[in-house]
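Read through the structure below, which is laid out as structure tokens, and then see the notes.
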Amino acid sequence: MSRIYLDNAATTAIDKEVLKAMTTVMEFQFGNPSSIHAHGREVRSIIENARKTVAKLLNTSPAEIFFTSGGTEADNMAINCSIEDYGITHAITSKIEHHAVLHTLEILEKKGKIKLSFVKLDEKGHVDLAHLEELLQTNERSLVSLMHANNEIGNLIDLEKVGDICEKYNAIFHTDTVQTMGHYAHDLSKLKVHFITCAAHKLHGPKGVGFLYINHNIKIKPMIHGGAQERNMRGGTENVYGIVGLAKALEIAYAELEEHQNYIQGLKSYMIDKLQNEIPDVKFNGDIDPNRSLYTVLNVSFPTSEMGEMLLFNLDIAGISASGGSACSSGSNVGSHVLTNINSDPGRPAVRFSFCKNNTKEEIDLVVEKLKDFFLVKA
Ligand SMILES: Cc1ncc(COP(=O)(O)O)c(C=O)c1O
């Protein structure tokens with residue numbers, strides 16, 4: 001039996017067309033984009049075309065797109081540079097952000113650069129917007145960093161509402177969109193965000209490449225110093241194949257966006273129903289309302305059982321790849337800062353199943369059958 005991959009929030013399989021676009025450049029366009037001769041100029045134009053593609057899809061200007069090594073670097077750059085260059089002394093985030101955000105802010109707090117506040121979460125793990133407003137009522141200029149979709153439980157924030165609140169209090173708004181880029185149509189001409197981030201490998205693109213969108217009203221200095229690449233904002237010879245792959249992956253994602261949204265939400269709903277009907281006492285961590293939850297992620301809380309103790313390990317042995325969240329993939333959910341900070345029962349094993357366009361209902365049937373073996377006591 002071939003293995004079943006339900007860990008698409010960790011990374012996705014590269015699209016064949018993406019691979020083709022990348023290998024063509026790898027094979028034939030090897031020039032350094034900073035060289036002024038024809039070999040270099042050819043590759044420079046490949047990068048700029050990729051930037052135009054990304055910008056057009058997001059309805060923004062190419063001047064606002066900066067290629068990076070992925071989501072972590074983009075998050076670090078937005079946070080470190082805005083705090084440094086805008087003299088920000090107060091940052092507001094939530095306890096369930098990705099570590100690329102959380103650790104970056106905690107280090108700045110430890111160094112005494114900022115005061116760090118955490119916005120309250122409700123019983124389903126959603127950000128309390130009234131509390132966000134309360135926290136913003138200081139005289140300090142604040143940075144708000146709240147992820148669009150949580151990578152472990154899938155909860156979505158309302159970008160329009162948070163953007164409006166940040167605008168009201170003149171705060172800088174960074175949102176980690178790593179899990180939603182290529183999954184929702186972000187229209188940057190309308191959203192009131194200053195920074196958003198992308199990692200190409202979450203949307204069937206290559207690993208080690210992403211981008212940071214910096215709104216044209218924001219002026220920051222580089223985080224990585226060196227050459228004049230990325231319009232003096234990020235030194236280092238560009239990851240040309242990665243950038244080409246990223247643009248291609250985003251192009252494909254947008255061309256098939258609605259179709260995939262419906263298809264993948266269908267898979268998630270199907271799994272929710274099956275689990276509820278076939279395994280007693282199954283619960284879900286985070287919200288499962290399709291309007292407030294990322295359609296690619298389902299975090300399931302299983303009843304305590306002998307087999308459940310090593311659930312991820314047992315699933316792996318059974319040919320199923322899933323995870324317990326970003327901080328933990330080693331067989332238990334101990335260590336998930338997200339689950340510890342929402343109302344999740346630590347005694348119950350949790351598994352994050354995350355879907356993509358390549359998954360099928362037949363795969364879900366097989367996974368639920370396997371789970372039944374673990375949780376149903378056979379007569
Ligand atoms: C929400 C979120 N932010 C940031 C990252 C970091 O992305 P990368 O590992 O590509 O740097 C991830 C990856 O797991 C993520 O899920």
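Taken together, the values in this text are just the output of simple stated rules run on the coordinates, not laboratory data. Computed from a predicted model, the values in this text were never measured in an experiment. For neighbour counting, all protein chains shown are included, and Cβ atoms are generated from backbone atoms with ideal geometry for every residue, glycine included.
Here are the numbers for this structure:
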read-out: Paired Rg and Dmax values of the chain, which use every Cα atom, in angstrom; value: 21.3, 76
read-out: Cβ-based charge dipole, the chain, positive-most Cα from Q229, A255, L129; value: Q229
read-out: Size of charge dipole - segment 99-217 - debye, nearest 20, with Cβ of Lys, Arg +1 and Asp, Glu -1, no other charges; value: 460
read-out: Listed pairs K16/K190; K192/K221; K124/K268 exceeding 23 Å between Cα atoms; value: K16/K190
read-out: Base-10 log of normalised Debye intensity for segment 147-241 (one unit scatterer per alpha-carbon) at q = 0.18 Å⁻¹; value: -0.95
read-out: Nearest 10 degrees, 0 to 90: helix 159-168 Cα axis against the chain principal axis; value: 50
read-out: Computed lengthening from D122 to S45, 0.36 nm per intervening residue step minus Cα-Cα distance; value: 22.9 nm
read-out: Reachable lysines, given that their alpha-carbon falls under 21 Å from the alpha-carbon of K115 and they are not under 8 places away in the same chain; value: K95, K168
read-out: Charge dipole (debye, nearest 20) of segment 3-162; +1 at Cβ of Lys and Arg, -1 at Cβ of Asp and Glu; value: 460
read-out: Segment 1-116: C-alpha pair distances exceeding 24 Å, %; value: 52
read-out: Residue of A253, A50, A185 that the Gaussian network model of the chain assigns the largest fluctuation, springs spanning Cα pairs under 10 Å; value: A185
read-out: With Cα atoms, 0 to 90° folded angle of helix 71-85 axis to the chain main axis; value: 50
read-out: Dipole axis of segment 1-133 (+1 Lys, Arg; -1 Asp, Glu on Cβ), positive-most option in F30, H99, A78; value: F30
read-out: Tilt relative to the chain, helix 99-110 - C-alpha long axis, 0 to 90 degrees, to 10; value: 70
read-out: Cα-centred dipole magnitude for segment 243-294, charges only on beta-carbon of K, R (+1) and D, E (-1), debye, nearest 20; value: 140
